[in-house]
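Student: Attaching a single structure in structure tokens format; questions to follow.
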Amino acid sequence: MPQLSDDAFAVGAPVLRIEEMERLIAERVEPVAGVETVRLRAARGRVVAHDIAATRDLPPFDNSA
């Protein structure tokens, strides 16, 4: 069977050890420094500060898929 190009496990690079991955995350990810309210158009690339709950179910019926 041919290999899928979007297979997450078909990476040609070596697998990183957990300690190395944790170090890379600590180096590259910064905590959120503060909270501010902006219009939706200005929100691109930002992080949501609070949970957002849907006002209605979508789809409006049980779906096990």
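Student: Roughly speaking, what is the centre-to-centre gap between region 16-33 and region 49-65 when only Cα atoms are used, to the nearest Å?
Tutor: If we compute the Cα centre of each part, the gap is 32 Å.
Student: If you take every residue apart from Asn63 with its C-beta less than 15 Å away from the C-beta of Asn63, what net charge results, scoring Lys and Arg +1 and Asp and Glu -1? Working shown, then result.
Tutor: On the way: positive: Arg56; negative: Asp57, Asp62.
For residues surrounding Asn63, the net value is -1.
Student: Using the Karplus curve 6.51 cos²θ - 1.76 cosθ + 1.60 with θ = phi - 60°, what ³J(HN,Hα) values do you get for each residue of region 57-65, in whole Hz, with x for Gly and Pro?
Tutor: With coefficients 6.51, -1.76 and 1.60, one gets 6, 9, x, x, 8, 5, 9, 8, 6 Hz.
Student: Using a 1.4 Å probe and ignoring any ligands, DNA or RNA, find the accessible area of Val35 and quote it in Å² to the nearest 10.
Tutor: Roll a 1.4 Å probe over it and Val35 shows about 110 Å².
Student: Going from most exposed to least, what order do Leu16, Leu40, Leu24 have by accessible area with a 1.4 Å probe?
Tutor: Of Leu16, Leu40, Leu24, the descending order of accessible area is Leu40, Leu16, Leu24.
The values are calculated or read from the model by the stated rules, or taken from the named source; none is laboratory data. Keep in mind that this is a model prediction, so the values were computed, not measured. Neighbour counts run over all protein chains shown; Cβ positions are idealised from the backbone, glycine included. Only protein heavy atoms, including side chains, enter the accessible area calculation; ligands, DNA and RNA are left aside. Shrake-Rupley method; radii C 1.70, N 1.55, O 1.52, S 1.80 Å.
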